Structure formats: C-alpha cells, structure tokens
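The values are calculated or read from the model by the stated rules, or taken from the named source; none is laboratory data. Small disclaimer: the values here were computed from a predicted structure and weren't measured. All Cβ positions, glycine included, derive from the backbone under ideal geometry; neighbour counts span all protein chains shown. What goes into the accessible areas is simple: the full protein's heavy atoms, side chains included, and nothing from ligands, DNA or RNA. Shrake-Rupley method; radii C 1.70, N 1.55, O 1.52, S 1.80 Å.
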Amino acid sequence: GAVVSQHPSRVICKSGTSVKIECRSLDFQATTMFWYRQFPKQSLMLMATSNEGSKATYEQGVEKDKFLINHASLTLSTLTVTSAHPEDSSFYICSARDAAGTGNYNEQFFGPGTRLTVL
Amino acid sequence: GQQLNQSPQSMFIQEGEDVSMNCTSSSIFNTWLWYKQDPGEGPVLLIALYKAGELTSNGRLTAQFGITRKDSFLNISASIPSDVGIYFCAGSGGGADGLTFGKGTHLIIQP
C-alpha cells in the first residue's frame, strides 16, 4: 500500500514553454500532497503544500504564479511549471499524506520524481 | 526557518560494519522520519518516530527520537551492499506540515 506515482518521469522542454507534472496516490486518498524540488547532490526543499479543494500554500521564495498547483481530487495533484527557464531544471518530487492518518501520524509517501530539463 | 544538521555528510565503510548517523535541529519537531534515496528515485520511508525518547527498529535499522525533540539518530547494523545510498532525516511539526529535510548522508560500502 501507500503507492504514489508521478508522470512523466522525465521531460525535456524548450525555454518559455510550460510543463505539467502529475502526482497520484494509487491506493489511498490524500487530502494533502506536497511538492518538493531537489537540485543535484542537494537535499529536498519543500515548495508548496497542496490541499484538495483549496489553494496551495507556497513556501517563502517560491513563485505561486510560476509554479501552479491544482489538487482537484483526493488522488491527484498537478504542478505546472509555467514559462520554464534553464534554472528551473531540477528533480521535482511529490509526496502524499494518507487522509486516514490521525493524531501525530505524519507519514509522507513519495513519488518516484520527475526530472525536468529546460533547454 | 527550521534547519536540520545531518552528519556525517558521507561514510566509507566495509561491508559488515555498523553505521551511525544523526540529525540535530534548531527547533522542536513532533515527528522525525528517516528516508533512503537511490539515484534518480524518490525517497523511501525507513522509520517514523512520533514520541520523544521513542526507539524503533526496522530489521537492521534502529532509530531514536531524541528526548529534547531536537535530534534523532539512525543506526544500521551489519551493513550489506544494498544499503548503499543517500539517507535523509526529516522533521515535521505534525498535522499537515511539509517536511524539513537534512542534507543527507551518502553511504558507500566497500566489499
């Protein structure tokens, strides 16, 4: 159980174009999903928290108009990188929190990541 | 913001040796998590800790939630080649908070 998928696994695009990345919880419902970014040989950095049916909460320094997040259902969140530039090239990873989790339980299950390369 | 200091940054050990790594935080966390990440993949949860002082094992892995709630360690006993990878600690305030990650410990095992 607790499987999270991402699509695509790898994408190459031209500068100025937009790219959409999907994150799905396959066997559980996720009221909250998270988007992280990881540059080579660095740690994961939280970009935003995606809540089903409401606006995403962005971390300081993350442009909400550039990284559009939609969480339309309990099993799907999407991240759209708009007008991508080479500096947006990174490994984007989503995670999902099981909606059935209660109390202090905060296990997050990660997707396999999406490698974005902007030329 | 919250910061996690994870050490060591890398470890070169012989197969069969025990491994120890730790994380310290500038502030309190309500949840500590340890993940392993292989190249090009997402992190995989190894151990989750929810109470200060809690000691939890998962096979050859043992982790503890520090009593001050500002630190945690992970031990791996009798390392094997498939233990190679990058290990991350992560902390959360709980609820629907995102995770704050340490910088990772790169484990390299020499046969």
Legend entry - For chain B: relative contact order, % (alpha-carbon pairs under 8 angstrom, 6 or more apart): 37
Legend entry - B:Glu15-B:Glu54 FRET efficiency (beta carbon distance; Förster radius 35 Å; 0.05 resolution): 0.75
Inset, instruction - Express the carbon and sulfur contribution to the solvent-accessible surface of chain B as a percent, rounded to the nearest whole number, probe 1.4 angstrom. - result: 51
Inset, instruction - Indicate, rounded to the nearest 5 percent, the antiparallel portion of the DSSP beta bridges found entirely in the protein assembly as shown. - result: 90
Inset, instruction - Express in nm, to one decimal, how much length is gained between A:Thr82 and A:Glu22 on full extension, taking 0.36 nm for each residue of separation and deducting their alpha carbon distance. - result: 20.2 nm
Inset, instruction - Over every pair of different alpha-carbon atoms in chain B, take the mean of 1/r and invert it; report that Kirkwood radius in Å. - result: 13.9
Legend entry - Solvent-accessible area lost in complex, 20 Å² minimum, residues of segment B:73-111 relative to chain alone, 1.4 Å: B:Phe88, B:Gly95, B:Ala96, B:Gly98, B:Leu99, B:Phe101
Inset, instruction - Could you tell me, in Å, what Rg and Dmax come out for the Cα atoms of chain A? - result: 13.7, 45
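If segment A:14-63 were replaced by its equivalent ellipsoid, with semi-axes equal to the square roots of 5 times the Cα gyration tensor eigenvalues, what would those be, largest first, whole Å?
For segment A:14-63, the semi-axes come out at 21, 15, 14 Å.
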Legend entry - Debye log10 I(q)/I(0) at q = 0.28 Å⁻¹ for segment B:26-87, Cα point scatterers: -1.17
Inset, instruction - Could you pull out every Cys in the protein assembly as shown that lacks a partner Cys with its beta carbon under 4.7 Å away? - result: A:Cys13
Legend entry - Kirkwood hydrodynamic radius of the protein assembly as shown, Cα pairs, Å: 18.0
